[in-house]
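Colleague: There's a structure below that I have some questions on.
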Amino acid sequence: MSQELEKKFASELEKNQGIIHKVCRSYTNNETAHKDLFQEITIQLWKAYPKFRGDSKFSTWMYRVAFNTAISLYRKSKRSIETTQIYDNLKELEFQDYDDTKDQQLKLLYNAIYSLNDIEKALALLYLEDKSYKEIAGMLGISEVNARVKMNRTKTKLKNILNP
Amino acid sequence: MDQLEKLKNVWKDQSESTIKFTESDIYNMVHQRSSSIVKWILIISILEFVLPNLFILFSDFESTKTVYQNYGLNDSMLVYTIIHVIVILGFIYLFYKNYKNINAECSVKDLLHNILKTRKTVKYYIYYNLTMAAIIGIHVFYIVFNSEQFINKLPTNTSMVMIWLVAIGIFAFFLFLFWCFYRIIYGFFLKKLKNNYAELQEAE
């Protein structure tokens, strides 16, 4: 595949990497596994990229591949991920207004999502991302009715975890 | 406002991840080795196709041919070999067709279905091998145990029923051991995928 395509892919992914980080943070519980899963999702996205025709939104396509990787394809490996630049957001935030409550709430939310099963994790993320039931059903490969039923169950489970 | 709806706002306002990759990092990542199970499915499946047949290929040809010759089994073994080759080619074709359908862009349920279907092809291939081994084994036992050469060598008053029971018992035991071993590996390997598929299938 051409270098030009690779550069275009790297640029688009760099701008939208937040989506993958949200999936990684939900499906892993440590930095090494997070980076490992991120790399695997990147590889799967790259394999699929030449076939992406834009018939769905780029973010929707990324979520689909990311969930498929996290749920079905990913095997933990021992590789180490080298990066050219990693920065710690918290250090930057020292000098800005830092909302400890929101950060704590987010941490609790991610911990709660992590304790769900693989399918429920996907449902929780798609709910928080405000995806329609039609999109959720399409991504998971189930009917809209089933998507609603499963979503309600997941939301109840999530509430119970957050309010023990 | 519902608690989860409030948390949606926290979710939307979340700052960027503490882990962040540059374009250069991502560019390097795409050239790394994948750790996807699809690669392992292919490697293990190839081994499962090849190993049972390697056993036949590396068995002692001359002594085996002599046995077949002495007991008039040449024609039968030729027929079994032809059937076996046709069936293997059929399974390889089915496996390849199912394997090519494994793709990360389809829905989560379809991907799980395609992976499980691909492994099912290999599972049925293994069952075919066990069944063929049983059929050939019983056929060979029948010919050998009913031959004059064999009967003449037996001590007097030997029970043929006992000989059959012992032969089938030992043979069945080894086939069973192989089947158990295979089921453990197969079950372990695909347990998570089967559970996720069942979760999606529920209430459809």
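Coordinate-derived values only; no laboratory data. Please read these numbers as outputs of a predicted model, since none were measured by experiment. Neighbour counts are summed over all protein chains in view; Cβ atoms, including those assigned to glycine, are modelled from backbone coordinates with ideal geometry.
Colleague: Just one of B:L42, B:L51 is loosely packed, with under 11 Cβ neighbours inside 10 Å and under 19 Å from the mean Cα position of the chain (by Cα); which is it?
Modeller: Result of the check over B:L42, B:L51: B:L51.
Colleague: Mind counting the residues in region B:90-116 that are hydrophobic (A, V, I, L, M, F, W, C) and farther than 26 Å from A:E135 by Cα?
Modeller: 4
Colleague: Assuming B:K123 fulfils every condition listed in (1) more than 14 Å from chain A (Cβ to nearest Cβ); (2) surrounded by 14 or more Cβ atoms within 10 Å (Cβ to Cβ); (3) outside any helix (DSSP H, G or I) apart from one, which condition is it?
Modeller: (3)
Colleague: Of everything in region A:121-144, what is part of a helix (DSSP H, G or I) and facing another protein chain (nearest Cβ under 8 Å)? Give them in sequence order. Break it down stepwise before answering.
Modeller: Step one: filter region A:121-144 for residues part of a helix (DSSP H, G or I), giving A:121-128, A:133-140, A:144.
A:A122, A:Y127, A:L128, A:G138, A:M139, A:L140 - these are the residues of region A:121-144 that are part of a helix (DSSP H, G or I) and facing another protein chain (nearest Cβ under 8 Å).
Colleague: How many residues does region A:145-164 contain that are within 10 Å of another protein chain (Cβ to nearest Cβ) and in a loop (DSSP other than H, G, I, E, B)?
Modeller: Here the count works out to 1.
Colleague: Shifting gears a bit: Name, by its number, the condition in (1) more than 14 Å from chain A (Cβ to nearest Cβ); (2) out of contact with any Ser or Thr (no Cβ under 7 Å at 6 or more places or on another chain); (3) of a type in the set (S, T, Y) that does not hold for B:Y71.
Modeller: (2)
Colleague: Hey, does region B:28-49 have a residue that's of a type in the set (V, I, T), under 26 Å from B:I126 (Cβ atoms) and in a loop (DSSP other than H, G, I, E, B)? Steps first, answer last, please.
Modeller: Initially, region B:28-49 is screened for residues of a type in the set (V, I, T), giving B:30, B:37-38, B:41, B:43-44, B:46.
Narrowing the set further to residues that are under 26 Å from B:I126 (Cβ atoms) leaves B:37-38, B:41, B:43-44, B:46.
Add one more test, that the residue is in a loop (DSSP other than H, G, I, E, B), and what stays is none.
Looking through region B:28-49, none of the residues is of a type in the set (V, I, T), under 26 Å from B:I126 (Cβ atoms) and in a loop (DSSP other than H, G, I, E, B).
Colleague: Just checking, how many residues over region B:1-24 are over 18 Å from A:I20 (Cα atoms), more than 7 Å from every other protein chain (Cβ to nearest Cβ) and assigned to a helix (DSSP H, G or I)?
Modeller: So the answer is 3.
Colleague: From the list B:S63, B:S45, which one is more than 30 Å from A:L125 (Cβ to Cβ) and either facing another protein chain (nearest Cβ under 9 Å) or in contact with a Lys or Arg (Cβ under 8 Å, 6 or more places away or on another chain) (or both)?
Modeller: Criteria check complete, one pass: B:S45.
Colleague: Which one is farthest from the chain's Cα centre (by Cα) among residues in region B:173-196 that are in contact (Cβ under 8 Å) with a residue 24 or more places away in the chain and farther than 22 Å from A:I71 by Cα?
Modeller: B:L175
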